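The values are calculated or read from the model by the stated rules, or taken from the named source; none is laboratory data. Everything numeric here is computed off the predicted structure, so don't read it as measured data. Note that each Cβ is placed from the backbone with ideal geometry, even for glycine, and that neighbours are counted across all protein chains shown. Only protein heavy atoms, including side chains, enter the accessible area calculation; ligands, DNA and RNA are left aside. Shrake-Rupley method; radii C 1.70, N 1.55, O 1.52, S 1.80 Å.
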Amino acid sequence: MIKNLLLTGLCLLTLNRMTYSQEYKQIHADMIVVDGHNDVIYESIFGGKDIGQRLSTGATDIPRLKEGGVDVQVFAVWSDDTKWKTGAFEHANAQIDALEKMIATNAEAIALAKSTADIEAILKTGKIAAIIGVEGGNMIEGSIDNLITLHKRGAKYLTLTWNYNVPWASCAAMESGKMDSKAKGLTDHGKAIIRKMNELGMLVDLSHGGEQTFYDVLAVSSKPILVSHSNAYRLCPHFRNLKDEQLEALKKNGGVIGVNFYSGFLDPAYETRLKKIYKKQVGKDADMTKSTWSMYDQLSKEAKYEVDAPLSKLLDHIDYLVKKVGIEHVAVGSDFDGIESAPQDMEDVSKFPLLTKGLLERGYKKADIAKIMGQNFLRILKENEG
């Protein structure tokens, strides 16, 4: 009798999941979907491409954002520290200029939001709400006045570092190598920058931040912090992902981590698989010193798909993060157009509904998926403004 009841319950649960997964497009459309990190400014917009039209390159344009049901898109302002040792603040403003021009050209479809109130108003019109996130503290050039200027222009978060240290904060890439422990973390000026960000209502983003910087920020910040596009170190031990201890600290802080779609941050076997398939396809002329991006770019469409991490890996990271920090603290930060490889069948922003489908099939409730897909990011945004 008990066995029959258990089997009946299991069948009903499976049936419910199948029903939900079949309705996933409507369920997805009913949610507010927020992508917390996308590099399309540098990839396309800054180079003069009109993302108001469907592009044959890159992962992002307005038609595909609409297909993907993306309601709020964070546009990352980025510069390579090595190329912009001087003039990085000017470069940041030039990228914002390009974004504003694109928005003006496509005003019927998208609008810039500088607050959560703006987001609410824009979404009521049926337009996409664009948010600015500045990826790399090098672009304020150590100046709090520059920070204030970028915030006035709409920057809702600052990713403290990219893959190089700035004079006032150390990054994950450098901290994970041979770096003097005394030089790790925030300087006094760095702490002053964090306090000013709290005052402005500007999110502190710790993706790319070193471990010591991470803990130094938590000791200083009076507001919940964001980790906009990172994953779980336990599942993929890359310096860009958070260790369990960091996840526990993030939970206590009330912060949010946005899962990154990059195959190399999802699947520890990605780089080995890429090199093997690249060498097999290119043959004797294969240059194994190339970057992963260059290797991937030379592959055929079929080979790229074979190299890409399975979508299940992305879902595994979400499962793990939810287990560690709770459903209230997990979001999405795709990193589209800043990565060469996304999970299979998730190659561009139009594919976001498949993530909802995958979560439904794993048994997540609609209300919880809505938190992951947008509500958690909007909550932390509002808490920082307050």
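Observations on the structure shown:
- Length gained on full extension, Asn163 to Ala219: 17.9 nm, using 0.36 nm per residue less the C-alpha separation.
- For Trp78, Trp84, Trp293, the ranking by accessible surface with the largest value first comes to Trp293, Trp84, Trp78, using a 1.4 Å probe.
- Dimensionless Rg over Rh [the stretch 39-148; C-alpha; Kirkwood]: 0.99
- Filtered GluC sites (Glu not before Pro), the stretch 60-122: DSSP coil and at most 15 other beta carbons within 10 Å: Glu108
- Pairs of Lys residues in the stretch 24-88, spaced 8 or more positions apart or belonging to different chains, with C-alpha separations under 28 angstrom: 4 in total.
- Taking a straight Cα-Cα cut-off under 21 Å and skipping sequence neighbours fewer than 8 places away in the same chain, the lysines within cross-link reach of Lys382 are Lys114, Lys124, Lys127, Lys152, Lys156, Lys196, Lys223, Lys251, Lys252, Lys371.
- Selection of trypsin sites (Lys or Arg not before Pro), the stretch 201-265, meeting DSSP coil and at most 16 other Cβ within 10 Å: Arg234, Lys243
- The chain - share of DSSP beta bridges that are antiparallel (%, nearest 5): 5 percent
- Charge dipole (Cα centre; +1 on Lys/Arg Cβ, -1 on Asp/Glu Cβ; no other charges) of the stretch 201-328 amounts to roughly 280 debye.
- Ranked packing of 264-270, 253-259, 35-41, most packed first, by mean Cβ within 10 Å: 35-41, 253-259, 264-270
- Coordinate range along principal axes, alpha carbons of the stretch 158-237, Å, largest first: 34, 27, 19
- Positive-end extreme of charge dipole, the stretch 52-118 - chosen from Gln95, Thr116, Thr82 (charges on Cβ): Thr82
- Solvent-accessible heavy-atom area per residue, rounded to whole Å², over the chain at 1.4 Å: 44 Å²
- Shape metrics for the stretch 293-384, restricted to C-alpha atoms - Rg then Dmax, Å: 14.7, 46
- Value of Rg/Rh across the stretch 199-264 [Cα atoms, Kirkwood radius]: 0.95
- Quotient of Cα Rg and 2.2 N^0.38 Å for the stretch 202-359, N being how many residues it contains: 1.11
- The chain, dipole about Cα centre (Lys/Arg Cβ +1, Asp/Glu Cβ -1), debye to the nearest 20: 840 debye
- The stretch 180-197 - phi-based ³J(HN,Hα) in whole Hz, Karplus 6.51/-1.76/1.60, Gly and Pro as x: 4, 4, 6, 8, 7, x, 8, 7, 4, 5, x, 5, 5, 5, 4, 4, 5, 4
- Sulfur and carbon atoms: percent of accessible area, the chain [1.4 Å]: 52 percent
- Sites Val282 and Thr57 - FRET efficiency at Förster radius 35 Å, r taken between beta-carbons, to 0.05: 0.95
- The alpha carbons of the chain occupy a box of 69, 58, 46 Å along the principal axes, longest dimension given first.
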